[in-house]
């Protein structure tokens, strides 16, 4: 990404068309460019921490960010992976108190910070921002639920299949008849997304590979049979 272009011209941002601001007028686009603060993060760095004061939101210009919570025992649960163009921290915008989650960078990322006042102004003056934000909120809730947090009736393998299916839909790239999941998550991170142990995640992924549904190419998972994966993800019993 061209840093100076990102800082001065939102229309030049490759993620702008996927953001909640993609239909605002020229005056508001200029206002957005003047008010945002661009920060570049390296893999593993934190954008904001759970429990810290919420002063604004972050629009992901480039990269991927995981949103997670830590329980009293120190265990992490990942609720969402935010790709470029998505807003993070907006769940805390209404009460403007503390961030409810921690946002951690999964790969080198550029993010634009917008204060709560700036976001409120755009919501009140640009109806499309409010509509897009509502749509993103609903989509995020559906994605989080599909990762398996509400599917305790499903077996671990079914939940893992559902997770892989959704990762493929959200981050998949077609390559030679296969779908490359273009995101690198540890087995521990994947396990936390469906509420299972790392050992169970490893075993379930191995079973999916044995079924001919998945392949491993380097650091990336490749879906080789999307139909079979979909069937397993909605099945209430194992193959």
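What follows is calculated from the coordinates using simple rules that are stated; it is not laboratory data. Remember, it's a predicted structure, so these values are computed and weren't measured experimentally. Note that each Cβ is placed from the backbone with ideal geometry, even for glycine, and that neighbours are counted across all protein chains shown.
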Report summary line: Between the Cα axis of helix 26-35 and the main Cα principal axis of the chain, the angle (0 to 90°, nearest 10) is 80
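Once R0 is set to 45 Å, what does the formula 1/(1 + (r/R0)^6) return for the Cβ-Cβ distance between residue 219 and residue 97, expressed as a FRET efficiency to the nearest 0.05? Mind dumping the intermediate values first?
Working: r = 38 Å, r/R0 = 0.85.
E(calc), rounded to 0.05, equals 0.70.
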Report summary line: Share of Cα-Cα pairs in the range 60-111 beyond 19 Å, whole percent, is 30
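Using helices alone, I'd like the mean residue ellipticity at 222 nm for the chain: each DSSP H run of four-plus residues gives -39500 (n - 2.57), total over residue count, nearest 500.
Numbers: 8 runs with 90 residues, N = 239.
Mean residue ellipticity at 222 nm (helix-derived): -11500 deg cm²/dmol.
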Report task. Highest first, please rank the peptides 222-234, 50-62 by the mean number of other Cβ atoms sitting within 10 Å of their residues. Result -> 50-62, 222-234
Report summary line: Taking only C-alpha positions in the range 3-126, Rg and Dmax in angstrom work out to 14.3, 49
Query - Base-10 log of normalised Debye intensity for the range 150-234 (one unit scatterer per alpha-carbon) at q = 0.17 Å⁻¹ - result: -0.60
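From the P(r) of the chain, can you give the percent of Cα pairs sitting at distances over 31 Å? If you can, show how the numbers build up before the last one.
On the way: 7744 of 28441 pairs.
Value for the chain (Cα pairs over 31 Å): 27 percent.
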